[in-house]
Amino acid sequence: MASNSAAGFTSQVNGGNKPGRASGSCRRRPDSESDAGPTVKSLARLCSRYEEERAAALQELSQEVLLCLGPDRPGSTRLSKQTLLHLLRLSRSCPLQEVRGKSTELLRIAQEQGVEVPRALVSGPSAFIPAKEMLKDGPNQDILIESFLSLGRVDHITMVMALHPAYLSCFLRTQHALLELDGPLPRHWRHYIAAMAAARHHCSYLVQQHSAGFLDAGGEESWLSGLGQAPAKLRSLQTLNKLLAHRPWLITQQHIQELVCPGAEPRWSLAELVHAVVLVAHAHSLCSFVWGCGLNPEPDHVGGYTFQPASPSHLPCSPHSPAHEDGRQELFDGTMEVEVLMKRMAELQQQQEEEECTQEEMVTRFERERSESIPTAVVRGAPPDLVLRLVEEPQFRYEDFAPRGEQAPPTMRAQDYSWEDHGFSLVNRLLPDMGQLLDEKFQVVSTLTYHRMAMHEGVDTHTLRKALWNYIHCLYGIRYDDYDYGGVNVLLERSLKVFVKTMACHPEQTTARVYHNFWRHFRHSEKVHANLIVMEARLQGALLYTLRAITHYMR
């Protein structure tokens with residue numbers, strides 16, 4: 001897992017709001033941490049791997065909270081905002097039932113004592129997936145408990161990814177290595193770079209998570225007020241950041257040279273730059289997952305809680321949640337949809353075994369897929385200030401690799417520069433072990449299968465998974481000479497292509513309708529599986545362009 005020590009709690013409480021860093025006002029809510037209350041140390045002990053120590057920590061937490069609620073304490077200094085939000089988070093997402101129950105009880109007692117307590121604005125991790133699909137006991141619970149013991153919290157990303165435990169395990173290992181283990185970049189810089197990257201896709205969820213991680217790692221709060229406050233070396237990443245987010249095929253050797261060549265000011269070492277590039281690409285692809293799964297703000301994120309009492313006539317909706325347009329499914333025979341797809345898969349497999357296309361026909365089919373016009377979804381309103389402050393050139397957005405009637409950039413042939421033959425070794429050389437971690441993640445997601453499709457068991461889904469992966473790389477202008485792209489059009493119906501392209505290219509435009517319109521009779525876990533494939537294919541594609549540019553610079 002991500003860590004073997006509960007000490008990770010103090011550094012990984014990503015999303016926990018520091019005093020004065022969360023928005024909202026309240027009549028009797030304190031704005032400082034000068035009052036007594038549960039300490040970070042006592043909260044960290046809840047993550048002990050020893051049941052007896054957790055029980056003692058829970059008892060200590062109760063005593064500290066009840067002491068703060070004593071009759072001699074004025075209401076305005078009873079419990080800090082940070083403490084209340086910690087309790088709210090634990091009551092909503094802790095996988096340990098005794099911790100979850102006690103936190104709920106303490107919030108109820110505080111409310112009865114006249115303290116205005118926060119409540120969550122949303123009912124589960126996702127606006128698209130019913131909470132009951134994720135928040136249930138079962139084999140997935142073990143990995144959630146492990147995540148809590150290692151990191152001190154179970155965030156919404158983890159809850160949704162836990163539908164696929166094998167993937168989640170290697171994802172957490174990779175993310176922990178990127179953000180926490182020894183490496184060329186300081187920890188607070190890593191979180192700031194990730195926040196800058198997430199801001200490109202207007203992902204306030206990840207911006208808040210990494211802003212909190214940046215502050216917990218000792219970062220200067222003024223940097224979060226705008227890019228102009230950050231060091232020039234970090235600001236110099238902006239061109240690479242925007243290209244990686246929106247048009248990675250435009251990255252050239254020249255962009256690398258401007259950052260690392262002697263005389264560049266400020267100068268990046270190659271090891272530092274590879275670390276930053278992997279962080280940026282990781283954050284961009286994770287934005288695709290956050291938007292594509294409709295993740296709600298954390299209970300202690302801005303937009304995830306309120307101190308206002310619930311109104312029966314008007315239940316507030318978080319302004320930072322994914323767009324809640326009508327996601328109702330149309331009347332449709334979902335069984336027929338699945339049957340047709342399974343038949344196409346079988347026919348395609350047989351056809352590929354019996355027929356062999358010419359190279360010219362393969363290229364023609366690739367070009368047809370690459371230049372197909374897929375409509376985009378809605379364009380959102382302006383993102384919140386906490387996001388805009390970290391964006392330079394917000395008007396620079398995604399454009400098709402090959403717009404109709406325009407000269408396309410040269411296609412990248414996977415045989416000329418691939419992850420397996422080129423990217424893996426370069427990353428591993430400059431950032432030890434990271435190539436191995438990324439490779440494991442790519443392998444797990446590309447081979448992940450439960451041999452089922454909707455209501456059918458014993459299904460070989462290899463051709464469908466490969467079509468998804470290769471279609472995403474096709475959108476990024478990457479072509480495999482040995483793959484027949486005619487299969488993409490056969491297996492990926494238009495609503496699925498709309499979802500995939502939206503997620504891979506401009507995830508901030510994902511809506512409930514886009515999510516619900518594809519694979520209407522499939523399980524939510526299968527849609528999350530598709531999200532994981534999109535996320536990892538996008539990550540690998542973006543890395544390939546940047547690593548190729550670095551390789552050309554090093555020659």
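Okay, here's what the table says:
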| quantity | calculated |
| --- | --- |
| Residues located in segment 106-123, provided they are free of Cβ contacts under 8 Å to residues at least 40 places away in the same chain and more than 17 Å from residue 299 (Cα to Cα) | 111, 112 |
| Residue in segment 89-138 that is nearest to residue 528 (Cα to Cα), counting only those that are within 26 Å of the chain's Cα centre (by Cα) and basic (Lys, Arg) | 132 |
| Residue among 244, 185 that is within 24 Å of the chain's Cα centre (by Cα), touching a residue at least 40 places away in the same chain (Cβ under 8 Å) and not in a helix (DSSP H, G or I) | 185 |
| Every residue from segment 247-268 that is part of a helix (DSSP H, G or I), under 14 Å from residue 544 (Cα atoms) and open to solvent by 10 Å² or more (accessible area, probe 1.4 Å) | 249, 250, 253 |
| Single residue of 440, 420, 392 found to be assigned to a loop (DSSP other than H, G, I, E, B) and surrounded by fewer than 19 Cβ atoms within 10 Å (Cβ to Cβ) | 392 |
| Single residue of segment 225-257 satisfying the filter (in contact with a helix residue (DSSP H, G or I) (Cβ under 8 Å, 6 or more places away or on another chain) and among the charged types (D, E, K, R)) that is nearest to residue 411 (Cα to Cα) | 242 |
| Entirely in segment 1-103, the helices (runs of 4 or more DSSP H) that have 2 or more residues that are modelled with pLDDT under 85 and open to solvent by 50 Å² or more (accessible area, probe 1.4 Å) | 40-44 |
| Inter-residue pairs, beta-carbon under 9 Å, first within 20 Å of residue 180 (Cα to Cα) and in contact (Cβ under 8 Å) with a residue 24 or more places away in the chain and in segment 216-229, second among the hydroxyl-bearing types (Ser, Thr, Tyr) and open to solvent by 30 Å² or more (accessible area, probe 1.4 Å), 6+ apart | 216/10 |
| Sole exception among (1) open to solvent by 40 Å² or more (accessible area, probe 1.4 Å); (2) at pLDDT below 95 for residue 216, by number | (1) |
| Residues of segment 223-238 satisfying the condition of being open to solvent by 50 Å² or more (accessible area, probe 1.4 Å) and under 20 Å from residue 384 (Cβ atoms) | 225, 228, 229 |
| Failed criterion for residue 170 (all others in (1) touching a residue at least 12 places away in the same chain (Cβ under 8 Å); (2) open to solvent by 10 Å² or more (accessible area, probe 1.4 Å) hold) | (2) |
| Among (1) closer than 30 Å to residue 522 by Cβ; (2) at pLDDT 80 or above; (3) over 22 Å from the mean Cα position of the chain (by Cα), the one test that residue 371 misses | (2) |
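Matching residues to (1) in a loop (DSSP other than H, G, I, E, B); (2) touching a residue at least 60 places away in the same chain (Cβ under 8 Å); (3) small (Gly, Ala, Ser):
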{"site": "489", "(1), (2), (3)": "no, yes, no"}
{"site": "514", "(1), (2), (3)": "no, yes, no"}
{"site": "520", "(1), (2), (3)": "yes, yes, no"}
{"site": "541", "(1), (2), (3)": "no, yes, yes"}
{"site": "549", "(1), (2), (3)": "no, yes, yes"}
{"site": "552", "(1), (2), (3)": "no, yes, no"}
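The values are calculated or read from the model by the stated rules, or taken from the named source; none is laboratory data. Everything numeric in this text was worked out from a predicted model, so none of it was measured. All Cβ positions, even for glycine, are placed from backbone atoms using ideal geometry, and neighbour counts span all protein chains on display. We work out accessible area using only protein heavy atoms, side chains counted, and drop any ligands, DNA or RNA first. Shrake-Rupley method; radii C 1.70, N 1.55, O 1.52, S 1.80 Å.
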